[in-house]
Amino acid sequence: MMALEQHGIDTWVGAGPKYPWGGLYGGQIVAQALRAAAETVDPQFRVHSLHAYFIRRGDHDEPIRFEVDRIRNGRSFLTRSVVARQSIGAIFNLSASFQKEEDAVEVQTATLPDLPPPESLRSDSWSPIFDRRFAPPPGPGQVAAWLRVEEPVGDDPTLQACAFAYLSDDLPTDAVATVHPARIDGDQFHQRFFSASLDHAIWFHRPFRTDEWHVQTFTCHGLMGSRGLSIGYVFTADGTHVATISQEVLFRELRPGRG
């Protein structure tokens, strides 16, 4: 999922399997780009945020070249920029910021919704890499699910963050789909609608293990101009708020005779 080979100074090459609905899965590119950025950072700095744009659909038959630019090295914060390229040109752009850990007061106001435990819910994942179990929607325009990576990731906080980046692109579209009047699920959804991630942001509040069950809750805050905005909170099973995600999704109803 996160394997990279170094090809020269600040350049890495990776690859990804075909997404079931064609092209490359966006979370795969986010995870690999974040890892490429982290390879240029001292381990005492941990990623605290990333912001990304999906520029073109990736091709699973081609390797992906990740070019890292060391924008700034500060005493407390580091900034990196990553461009992912294939033969067609740039397909993805990411900016990531890393912070040296600080001892400071912590306050949490976000709360974990009351959801059934994952053991009582049906497994529903399109990938062998992770397990996903949808819970009843907490409210209108919302989706909630338990997720975890199937294979142990290890104790490296950078790899855990990259694994979470992989998972973070999965649910935003589901939240957008819930507000569309048609509300079509399953295979019929992909026959009637086209969707794609446009831009993506993650704020990493606290380190946590993605190979253990955690909850992601997303709310769609509107569908305008074929774009839907989803905001997601991420909690560990004990209710600790560990990350926040935002994503804008391109969501179009296919015209008859067009794929």
>> Could you list, ordered by first residue, the pairs with Cβ atoms under 6 Å in which the first is in the range 1-13 and under 20 Å from A163 (Cα atoms) and the second is open to solvent by less than 50 Å² (accessible area, probe 1.4 Å) and in a loop (DSSP other than H, G, I, E, B), at least 6 apart or interchain?
In response: M1/I129; W12/L4
> Which ones in the range 59-106 are buried (at least 16 other Cβ atoms within 10 Å of the Cβ) and among the basic types (K, R)?
Replying inline: R65, R80, R85
>> Looking at A15, A84 in this structure, which one is modelled with pLDDT under 95 and within 30 Å of F193 (Cα to Cα)?
In response: A15
> Do you know which residues across the range 47-89 are among the basic types (K, R) and within 17 Å of the chain's Cα centre (by Cα)?
Replying inline: R56, R57
> Assuming R72 fulfils every condition listed in (1) among the basic types (K, R); (2) in contact with a Phe, Trp or Tyr (Cβ under 9 Å, 6 or more places away or on another chain); (3) free of Cβ contacts under 8 Å to residues at least 24 places away in the same chain apart from one, which condition is it?
Replying inline: (2)
>> Looking at A31, A84, A52 in this structure, which one is touching a residue at least 40 places away in the same chain (Cβ under 8 Å), within 30 Å of S125 (Cβ to Cβ) and part of a helix (DSSP H, G or I)?
In response: A31
>> Show the residue pairs meeting these rules: Cβ distance below 6 Å; 6+ apart or different chains; first residue within the range 92-121 and charged (D, E, K, R); second residue outside any loop (DSSP other than H, G, I, E, B).
In response: K100/F45
>> Given the criterion open to solvent by less than 50 Å² (accessible area, probe 1.4 Å) and not hydroxyl-bearing (S, T, Y), identify the matching residue among L112, L121.
In response: L121
> Where residues in the range 208-259 are in a loop (DSSP other than H, G, I, E, B) and at pLDDT below 95, which of them is farthest from A177 (Cα to Cα)?
Replying inline: G257
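The values are calculated or read from the model by the stated rules, or taken from the named source; none is laboratory data. Source: prediction; values computed, not measured. Cβ atoms come from the backbone with ideal geometry, glycine included; neighbour counts cover every protein chain shown. SASA here: full protein model, heavy atoms, side chains in, ligands and nucleic acids out. Shrake-Rupley method; radii C 1.70, N 1.55, O 1.52, S 1.80 Å.
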